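*Asks:* After the structure tokens below, expect a handful of questions from me.
The values are calculated or read from the model by the stated rules, or taken from the named source; none is laboratory data. Please read these numbers as outputs of a predicted model, since none were measured by experiment. Neighbour counts are summed over all protein chains in view; Cβ atoms, including those assigned to glycine, are modelled from backbone coordinates with ideal geometry.
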Amino acid sequence: MIIEYIGSTLRATFVCSGATVSGYACLRDGSNAVVTSKTATDSGNGHLYADLPLPTSAQWMVNEWGVVINANTYRRFAMVNVRAIEVD
């Protein structure tokens, strides 16, 4: 999955309907270093979200989710194309 984003904050989401889910979301830069990480907020019925601040420079990043569902750990990754905010 590729997410193209312009703005200051990415609201990352994870859905596993009907399950009890807990986890975290983070953003990694091109060197695989964690730029920001947040514990996910449970909005009910297996829906999680995390608001992750984005850098102001254009770059590719990876959104990583780590979740626990019924005592099993899962990881999901998505490419994030952060676009610089430009005003002409």
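*Asks:* Within the stretch 38-46, is there a residue that is in a loop (DSSP other than H, G, I, E, B), among the small types (Gly, Ala, Ser) and surrounded by 15 or more Cβ atoms within 10 Å (Cβ to Cβ)? Even if it seems obvious, please write down each step before you answer.
*Replies:* The initial filter retains those residues of the stretch 38-46 that are in a loop (DSSP other than H, G, I, E, B), namely 40, 43-46.
Pick out the ones that are also among the small types (Gly, Ala, Ser) and you get 40, 43-44, 46.
Checking which are surrounded by 15 or more Cβ atoms within 10 Å (Cβ to Cβ) leaves us with 40, 46.
So far as the stretch 38-46 goes, yes, one or more of its residues are in a loop (DSSP other than H, G, I, E, B), among the small types (Gly, Ala, Ser) and surrounded by 15 or more Cβ atoms within 10 Å (Cβ to Cβ).
*Asks:* If you take the residues of the stretch 27-37 that are touching a Phe, Trp or Tyr at 6+ places or on another chain (Cβ under 9 Å) and outside any strand (DSSP E or B), which of them is modelled with the lowest pLDDT?
*Replies:* Gly30
*Asks:* Just for the stretch 9-26: of the residues that are among the small types (Gly, Ala, Ser) and modelled with pLDDT under 85, which one is nearest to Ala84 (Cα to Cα)? Step through it out loud before you land on a result.
*Replies:* If we filter the stretch 9-26 for residues that are among the small types (Gly, Ala, Ser), which is where we start, we get 12, 17-19, 22-23, 25.
In the following step, the residues that additionally are modelled with pLDDT under 85 were identified as 17-19.
Numbers: Ser17: 34, Gly18: 37, Ala19: 37 Å.
In this case the residue turns out to be Ser17.
*Asks:* So, one more: May I ask you to verify whether Ser57 is in a strand (DSSP E or B), at pLDDT below 90 and among the small types (Gly, Ala, Ser)? Please lay out each step first, then the result.
*Replies:* On the way: in a strand (DSSP E or B): no; at pLDDT below 90: yes; among the small types (Gly, Ala, Ser): yes.
Here the answer is no, as Ser57 does not meet what is asked.
*Asks:* While we're here: Please find, within the stretch 30-63, the residue that is farthest from Met79 (Cα to Cα) out of those that are of a type in the set (Ser, Thr, Tyr) and free of Cβ contacts under 8 Å to residues at least 12 places away in the same chain. Reasoning before the result, please.
*Replies:* Here is the first cut: in the stretch 30-63, the residues of a type in the set (Ser, Thr, Tyr) are 31, 36-37, 39, 41, 43, 49, 56-57.
With the extra rule that they be free of Cβ contacts under 8 Å to residues at least 12 places away in the same chain, the set shrinks to 31, 41, 43.
Values: Ser31: 14, Thr41: 21, Ser43: 24 Å.
Within the stretch 30-63, the match that is farthest from Met79 (Cα to Cα) is Ser43.
*Asks:* If you don't mind, there's one more thing I want to ask. Being polar (S, T, N, Q) and either part of a loop (DSSP other than H, G, I, E, B) or crowded, with 16+ Cβ neighbours inside 10 Å (or both), is that true of even one residue in the stretch 70-78?
*Replies:* Checked the stretch 70-78: at least one residue is polar (S, T, N, Q) and either part of a loop (DSSP other than H, G, I, E, B) or crowded, with 16+ Cβ neighbours inside 10 Å (or both).
*Asks:* Only one of these is loosely packed, with under 11 Cβ neighbours inside 10 Å and more than 11 Å from the chain's Cα centre (by Cα): Ala84, Ala58. Name it.
*Replies:* Only one candidate passes the filter, namely Ala84.
*Asks:* Something else: Sort out which residues of the stretch 1-18 are surrounded by 12 or more Cβ atoms within 10 Å (Cβ to Cβ) and outside any strand (DSSP E or B), and write them in order of number.
*Replies:* Cys16
*Asks:* Right, here's the next one. Based on what the data block shows, is Gly23 surrounded by 12 or more Cβ atoms within 10 Å (Cβ to Cβ) and not basic (Lys, Arg)? Outline the logic, then answer.
*Replies:* Numbers: surrounded by 12 or more Cβ atoms within 10 Å (Cβ to Cβ): yes; not basic (Lys, Arg): yes.
It is true that Gly23 is surrounded by 12 or more Cβ atoms within 10 Å (Cβ to Cβ) and not basic (Lys, Arg).
*Asks:* Okay, next question. Taking the residues in the stretch 64-76 that are closer than 16 Å to Thr36 by Cβ and touching a residue at least 40 places away in the same chain (Cβ under 8 Å) as candidates, determine which candidate is farthest from the chain's Cα centre (by Cα).
*Replies:* Of the residues in the stretch 64-76, the ones closer than 16 Å to Thr36 by Cβ are 64-66.
Next, only the ones that are touching a residue at least 40 places away in the same chain (Cβ under 8 Å) stay: 65-66.
Values: Trp65: 6, Gly66: 10 Å.
Selected residue: Gly66.
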